[in-house]
Amino acid sequence: MAKITLDNLAHSYMPNPASEDDFALKELNHDWADGEAYALLGSSGCGKSTLLNIISGLLHPSQGRILFDGKDVTGAPTAERNIAQVFQFPVVYDTMTVRDNLAFPLRNRGADPAYIAQRVQSIAAMIGMEDTLNRKARGLTADAKQKISLGRGMVREDVNALLFDEPLTVIDPHMKWELRTQLKRLHHDFGHTMIYVTHDQTEALTFADKVVVMYDGRVVQIGTPEELFERPAHTFVGYFIGSPGMNVIPARIEGDRAHVEGGSVALPGGFAPLSGKVEIGVRPEYARLTSGEGLPVTIRRVEDVGRHKIVRATLGERDLNIIAAESDSIGPDMTRVTFDPAGVNVYVDDWRVAPGSTQPSKVGEAA
Amino acid sequence: MEKTVNQKAWFLVLPVLVLVAFSAVIPLMTVVNYSVQDSFGQNNFFWAGLIWFEELLNSERMWDALGRQLAFSAIILAIEVPLGIFVALNMPKKGFWASVCLVLMSLPLLIPWNVVGTIWQVFARVDIGLLGYTLDKIGVDYNYTQDFFAAWATIIVMDVWHWTSLVALLAYAGLQSIPNAYYQAAKIDQASRWAVFRYIEFPKMLGVLMIAILLRFMDSFMIYTEPFVVTGGGPGNATTLLSIDLVKMALGQFDLGNAAAFSIMYFLVILAISWVFYTVMTNLDKRDAG
């Protein structure tokens, strides 16, 4: 188990990257604290897997260093880093039995046979495959194969970190839940540093202590699920996390009020004059339909999802989503929307600006 | 669901039946016809029963040729398959050099068989051939026209030169189909190079390898042109493989009955071995599927 430090790390798949756009992973400084469970969340192609492969040593970064507990391992091969990694698609050794598959990483490291047998047995219990231990891995379902992959990742107790690259994509929903719970319990019991890559926000938010959100090769926010929800540091985080995502509305800021199309909105604090593309972000949960005051909206449709209603509306030219309680009745006179000031965030060039400051604070940049 | 009865549908298979009849069944039946008759010329044929088959089974000449043929196929398979795998494993996976390798590898496969024979016939000559001359000059006693081992070595090296590419290309295709994640997982699991081959590469290559072995076996078992051009079956009968012997019998001596019985036996051996391969391969597929 180790603390993993990324120092000025960046990677490009091109031999001579010229501009920042050529980098699949833009410059990043970050400490992965020892024993924490992280989720790495982002849409496809945002650099999540690149980052993971750099940590495990499958990829050599174009620049920067990786340190495990302060020791530079940038040049060290995967084997020396002592890392376990589970991939998106099941990787099993077809010709081996399930038992041999699980024992393989231990045997390769010359572990004691009695220890291997005991360890394989307990991992098999954890993934629920004790009955199939003597079967050949060939011909098992994708579910079962992925469970073997997970088991192989977890069989070593002394790993520095456990990396998961969208491991539950091929697993059916019921089993997904169960395996995720198992992983969480494993983390609780053994305290491995875990990094879990996913594009599924529910998976990320339920698994991790801290969620790292990536967008376009950059880490845009690292925070607890609550922080990501209440104070998205980047409009992408607001849009990506939440269902539906945050409403982003162009605005002009004057003190503690934001002027938007059709009126003005109260802000949680006072702001100095801001330059650049200024917007406000409001989660649908903090928007409320009224018949009295507020901004004029046109309601297009109401979706009843059971727990609540999602109101799809337009404010001027823009779409605006509002979440209304299941018990609220939406009358024809309710054509105005108000925002809870505490739930309004201000963005300059897509980055969040805290009340009172003029510059956004971006993560990942060297202090 | 009701089954539609329409006997006219039989006409749809007629073209295939005609094609197969003219390309395979009728020629084969001619051979069967010859194998049970005898002729003393002038196109007069007499019923001879199974005497040609009896003679064949008691013929030392045939058994010797069959033995040489099996030895030849076994030796070239034993060399070409591991060598082909080895070459495939060491070929670049992608980029410019991968294309260069692919083109170079397919070159020998494009050369007509009699040209291959001629190339080696000249190449290996002691008087003017680069290989034969060099070997002779550095003191190796090499003369494929007189020496049993030299003749065998020449036709085996020639076949390896000609056909290893095929095995290598097929094995390479098998290797290319392995997702990168397997190699990455093996690295994470600290698998040795041998373990990567044994547990990842070899199992994934096995399917195409079986096809490669089957193709190489059938081709080598029927080989005629190349050794005939190089050694003509000699010295003595040293490199008289089955097909060379068959041609000698049918066209040289014009023993149609003997030759026909020989052909049928030849056909049955190939059929039997192909059937074994087919069974093994379908079982492999079944194992993959279930």
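Over the Cα atoms of the stretch B:135-200, the radius of gyration divided by the Kirkwood radius equals 1.31; this is the Rg/Rh ratio.
Partner chain Cβ atoms within 10 Å, averaged over the residues of A:83-91 - can you pull that number for me?
On the way: counts 2, 2, 6, 3, 7, 1, 3, 2, 10.
Averaged over the peptide's residues, the number is 4.
Could you give the length gained by full extension between A:Thr290 and A:Leu133, i.e. 0.36 nm per residue of separation minus their alpha carbon distance, to one decimal place? Spell out each step's value before the answer.
Working: separation 157, 0.36 × 157 = 56.52 nm, distance 6.15 nm.
Between A:Thr290 and A:Leu133, full extension yields 50.4 nm more.
To one decimal place, what Kirkwood hydrodynamic radius in Å is obtained for the stretch B:1-70 from all pairs of distinct Cα atoms?
Values: mean 1/r = 0.0617 Å⁻¹.
Result for the stretch B:1-70, one decimal place: 16.2 Å.
What's the local net charge at B:Met62, with K and R +1, D and E -1, over the other residues with C-beta under 13 Å away? Overall, the nearby charge balance is -3. Between A:Arg185 and B:Phe86, take the C-beta separation as r, use R0 = 56 Å, and let me know the FRET efficiency to the nearest 0.05. That gives a FRET efficiency of 0.75. Averaged over peptide B:187-197, the number of partner chain Cβ atoms lying within 10 Å of each residue's Cβ comes to 6.
Taking every pair of alpha-carbon atoms in the stretch B:1-146, give the share separated by more than 29 Å as a whole percent. Write out the running numbers ahead of the final one.
On the way: 6307 of 10585 pairs.
Counting every Cα pair in the stretch B:1-146, those more than 29 Å apart make up 60 percent.
Cross-link reach is defined here as a Cα-Cα straight distance under 22 Å, omitting same-chain residues fewer than 8 places apart; for B:Lys286 the lysines meeting it are A:Lys136, A:Lys145, B:Lys204.
Return the FRET efficiency for the residue pair B:Asn58, B:Ala173: r is the Cβ-Cβ distance, R0 is 41 Å, and the value is rounded to the nearest 0.05.
On the way: r = 46 Å, r/R0 = 1.12.
Efficiency for this residue pair is about 0.35.
Mind pulling the per residue volume of the convex hull built on the Cα atoms of the stretch B:153-256? Å³ is fine. Mind showing how you got there, number by number?
Details: hull volume 11.7 nm³, N = 104.
In the stretch B:153-256, the Cα hull volume divided by residue count equals 112 Å³.
Legend: P(r) of the stretch B:59-289 from all alpha carbon pair distances, 5 Å bins from 0, whole percents, reading 1, 6, 12, 14, 15, 15, 12, 10, 7, 5, 2, 1, 0, 0. A simple count of charges around B:Asp136, restricted to other residues whose Cβ falls under 13 Å of its Cβ and scoring Lys, Arg +1 and Asp, Glu -1, yields -1. Between A:Glu254 and A:Asp209, the distance separating the two model label sites (each 7 Å from Cα on the Cα→Cβ line) works out to 4.7 nm. Potential lengthening of the chain between B:Leu107 and B:Ala24 amounts to 26.7 nm, from the contour at 0.36 nm per residue minus the alpha-carbon distance. In terms of the Cα gyration tensor, with a ≥ b ≥ c the square roots of its eigenvalues, is the protein assembly as shown rounded because a/c is under 1.5, prolate because a/b exceeds b/c, or oblate? Judged from the Cα gyration tensor, the protein assembly as shown comes out prolate (a/c at least 1.5, a/b above b/c). Calculated FRET efficiency, A:Gln63 to A:Asp31, Cβ-Cβ distance, R0 = 22 Å: about 0.75 to the nearest 0.05.
The Rg/Rh ratio of the stretch A:246-353, with both radii computed over alpha carbons and Rh defined as the Kirkwood radius, is 0.98.
May I ask for the longest run of chain A untouched by trypsin sites (Lys or Arg not before Pro) that are loop-located per DSSP and have at most 15 neighbouring C-beta atoms (other than their own) within 10 Å? Provide the component values of the computation, followed by the final result.
Working: sites that count: A:Arg109, A:Arg135, A:Lys277, A:Arg307, A:Lys362.
Between the exposed loop sites, the longest stretch runs A:136-276.
Using DSSP to define loop residues, name the GluC sites (Glu not before Pro) in the stretch A:67-170 whose beta-carbon has at most 14 other beta-carbon atoms within 10 Å. Sparse-neighbourhood loop GluC sites (Glu not before Pro): A:Glu157.
With a ≥ b ≥ c taken as the square roots of the eigenvalues of the C-alpha gyration tensor of the stretch B:167-224, please select rounded if a/c is under 1.5 and otherwise prolate if a/b is larger than b/c or oblate if it is not? Walk me through the numbers on the way to the answer.
On the way: a/c = 4.24, a/b = 2.92, b/c = 1.45.
Judged from the Cα gyration tensor, the stretch B:167-224 comes out prolate (a/c at least 1.5, a/b above b/c).
Contact order, relative form, for the stretch A:246-353: 32 percent (alpha carbon pairs under 8 Å, 6 or more residues apart, mean separation divided by residue count).
A:Ser12 sits among other residues whose Cβ lies under 14 Å from its own Cβ, and their net charge, with Lys and Arg +1 and Asp and Glu -1, is -3. Over the C-alpha trace of chain A, radius of gyration and Dmax come out as 24.0, 75 angstrom.
How much length is gained on full extension from A:Asp158 to A:Tyr239, taking 0.36 nm per residue of separation minus their Cα-Cα distance? Taking A:Asp158 through A:Tyr239 to full extension adds about 25.3 nm, to one decimal. Taking a ≥ b ≥ c as the square roots of the eigenvalues of the Cα gyration tensor of the stretch B:205-290, is the shape rounded (a/c under 1.5), prolate (a/b larger than b/c) or oblate? Oblate, since a/c reaches 1.5 and b/c is not below a/b. Restricting the trypsin sites (Lys or Arg not before Pro) of the stretch B:1-72 to loop positions (DSSP other than H, G, I, E, B) with no more than 11 neighbouring Cβ atoms within 10 Å leaves B:Lys3. Of all DSSP beta bridges in chain A, what percent run antiparallel (nearest 5)? Once the DSSP bridges in chain A are tallied, antiparallel ones form about 75 percent.
No value in this document is a laboratory result; all are computed from the given coordinates. Values in this document were obtained by computation on a predicted structure and should not be read as measured data. All Cβ positions, glycine included, derive from the backbone under ideal geometry; neighbour counts span all protein chains shown.
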